[in-house]
Amino acid sequence: MPYTTLIQATELQPRIGSPDWLVIDTRHALADPQAGRTAYAAGHLPGAVFLHLDEELSSLRTGHNGRHPLPAREVFVATLARLGVNATTQVIVHDAQDSAMAASRLWWMLRWVGHEAVAVLDGGVAAWLAAGGELTQTVPPARAPGDITLRASLAPTADADAVLANLRTQARLVVDARGADRFRGENETIDPVAGHIPGARNRPFKDNLLPNGRFKPAAQLREEYLALLQGTAPDAVIAQCGSGVTACHNLLAMEAAGLPGASLYPGSWSEWCSDPARPVAK
């Protein structure tokens, strides 16, 4: 059975270097876009390759499609094939410690192009080191091009029009992964408009984690999300955040908790607030 949500460092260790497994390092810092690449060069998991949130996991920003618009599915599959990903490859993605940001985004994107065998290293590099794992500065040799192809998506999406229509029907629940202050419209320093989508509920993505940066147990996540949803079916949830990145953290937590089927609004708040005709709540 493939790993499809989370994997522990002790589970990864005996498989590191396997030709059927690929580790992808996605460390990233919004304040310093080169921090992840610098950290990879300083030391990374053996055999790991690096993908950049702004370069490979996003497309060009137009000013109206959010801060991290998705690339075309065909373009992303070509990126994976270039890394040597096959239809049967078990992909493991990670970041520095808290399994957030680009790691959950890449997990979601692989599912978006139909690749089920992808999991996030719970606790990231910190957990790897705590389990006795080593880092290397050796860049792995290029793999032969992979045979991965575009398949039916395992990760549904909702666009701005669907979210706008939902304001009238209230058939679906929007869950915002940003911090509580930004959700309330306070301390907004990233996007030009403060506030949230009317009717949305707030679930900061960091609430999915224990103090050590690892995900809470599945049973605890399930209890917390069921309390948040208040009877809404998981497949009637639309997850969003600032730019469609940390919302994937909530989607990963829901999947790990046995609550699958929620959709991602990729443009999220940065796209929503770019149109002054769309309503804003505080």
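The values are calculated or read from the model by the stated rules, or taken from the named source; none is laboratory data. Here the structure is a predicted model, which means the values were calculated and not measured. Cβ: placed from backbone, ideal geometry, glycine included. Neighbour counts: every protein chain shown.
What to note about this one:
- Output for the stretch 70-97, where each listed residue is more than 30 Å from Pro276 (Cβ to Cβ), out of contact with any Phe, Trp or Tyr (no Cβ under 9 Å at 6 or more places or on another chain) and assigned to a loop (DSSP other than H, G, I, E, B): Leu83, Gly84, Val85, Asn86, Ala87, Thr88, Asp95, Ala96, Gln97
- Of the helices (runs of 4 or more DSSP H) lying entirely inside the stretch 137-248, those containing at least 1 residues that are in contact (Cβ under 8 Å) with a residue 60 or more places away in the chain and assigned by TED's automatic domain parsing to the domain that holds Leu259 span 160-169, 180-184.
- Selection status of Gly146, within 15 Å of Asn250 (Cβ to Cβ), over 15 Å from the mean Cα position of the chain (by Cα) and surrounded by fewer than 21 Cβ atoms within 10 Å (Cβ to Cβ): no
- Test: residue in the stretch 212-227 that is over 28 Å from Ala127 (Cβ atoms) and either modelled with pLDDT of 95 or more or of a type in the set (D, E, K, R) (or both): no
- The stretch 67-95, residues that are among the acidic types (Asp, Glu) and surrounded by fewer than 20 Cβ atoms within 10 Å (Cβ to Cβ): Glu74
- The listed residues are Arg61, Arg37, Arg67, and the only one of them that is assigned to a helix (DSSP H, G or I) and either of a type outside the set (Asp, Glu) or under 18 Å from Ser104 (Cα atoms) (or both) turns out to be Arg37.
- Members of the stretch 114-136 found to be in contact with a His (Cβ under 9 Å, 6 or more places away or on another chain) and either in a helix (DSSP H, G or I) or assigned by TED's automatic domain parsing to the domain that holds Ala262 (or both), listed by number: Gly124, Val125, Ala127, Trp128
- When the stretch 249-268 is filtered for residues that are in a helix (DSSP H, G or I) and either outside the structural domain of Val193 (by TED's automatic domain parsing) or out of contact with any helix residue (DSSP H, G or I) (no Cβ under 8 Å at 6 or more places or on another chain) (or both), only Glu255 remains.
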